[in-house]
Amino acid sequence: MPDYSSHQKKIINRYYDNRSNIMLEKLSDLVTELYLADSDKKRDRLWERVSAAMTNLKVPAKTASHILTNRSPEILATHVKDWLQKPPSEPNRQ
């Protein structure tokens, strides 16, 4: 493992401290891109990115499966709206 400077370590730590916010922002952007997608191939790639972002966000498997099975931007948008208030990886946050 390479040695990082203290500045680099701070950057890396800030990234991991804010990872859930980054993933939520990414999912919000993906909802918009799904609405605007003009081909099935593009939609398929976007849904793969949604899946990866939900995995990083630690979305429960049942919820992720429901979203990916339906492949509905509306359902995803509803969940993202809820997650913005209470991220799935932080169940006790108030």
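Residue-by-condition table, conditions (1) in contact with a Ser or Thr (Cβ under 6 Å, 6 or more places away or on another chain); (2) modelled with pLDDT under 95; (3) over 18 Å from ASP29 (Cα atoms):
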site: VAL59; (1), (2), (3): no, yes, no
site: LYS62; (1), (2), (3): no, no, yes
site: PRO73; (1), (2), (3): no, no, no
site: HIS79; (1), (2), (3): no, no, no
site: GLN85; (1), (2), (3): no, yes, no
site: SER89; (1), (2), (3): yes, yes, yes
site: GLN94; (1), (2), (3): no, yes, yes
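Is there any pair linking a residue in the range 32-45 that is open to solvent by 100 Å² or more (accessible area, probe 1.4 Å) to one that is not in a loop (DSSP other than H, G, I, E, B), with Cβ under 6 Å and at least six apart or on different chains, and which?
TYR35/PRO73
Would you mind stating whether ASP29 is of a type outside the set (Gly, Ala, Ser), free of Cβ contacts under 8 Å to residues at least 40 places away in the same chain and open to solvent by 80 Å² or more (accessible area, probe 1.4 Å)?
No: the conditions fail for ASP29.
Which residues, taken from the range 14-26, are polar (S, T, N, Q), loosely packed, with under 15 Cβ neighbours inside 10 Å and assigned to a helix (DSSP H, G or I)?
ASN21
Give the number of residues within the range 35-76 that are part of a loop (DSSP other than H, G, I, E, B) and either closer than 14 Å to MET23 by Cβ or of a type outside the set (Ser, Thr, Tyr) (or both).
6
Does the range 49-70 hold any residues that are loosely packed, with under 11 Cβ neighbours inside 10 Å and not small (Gly, Ala, Ser), and which are they?
Hits for the range 49-70 are LYS62, THR69.
The values are calculated or read from the model by the stated rules, or taken from the named source; none is laboratory data. Quantities reported herein were computed from a predicted structural model and do not represent experimental measurements. Note that we place each Cβ from the backbone using ideal geometry, even for glycine, and neighbour counts take in every protein chain shown. All accessible areas refer to the heavy atoms of the entire protein, side chains included, with ligands and DNA or RNA removed. Shrake-Rupley method; radii C 1.70, N 1.55, O 1.52, S 1.80 Å.
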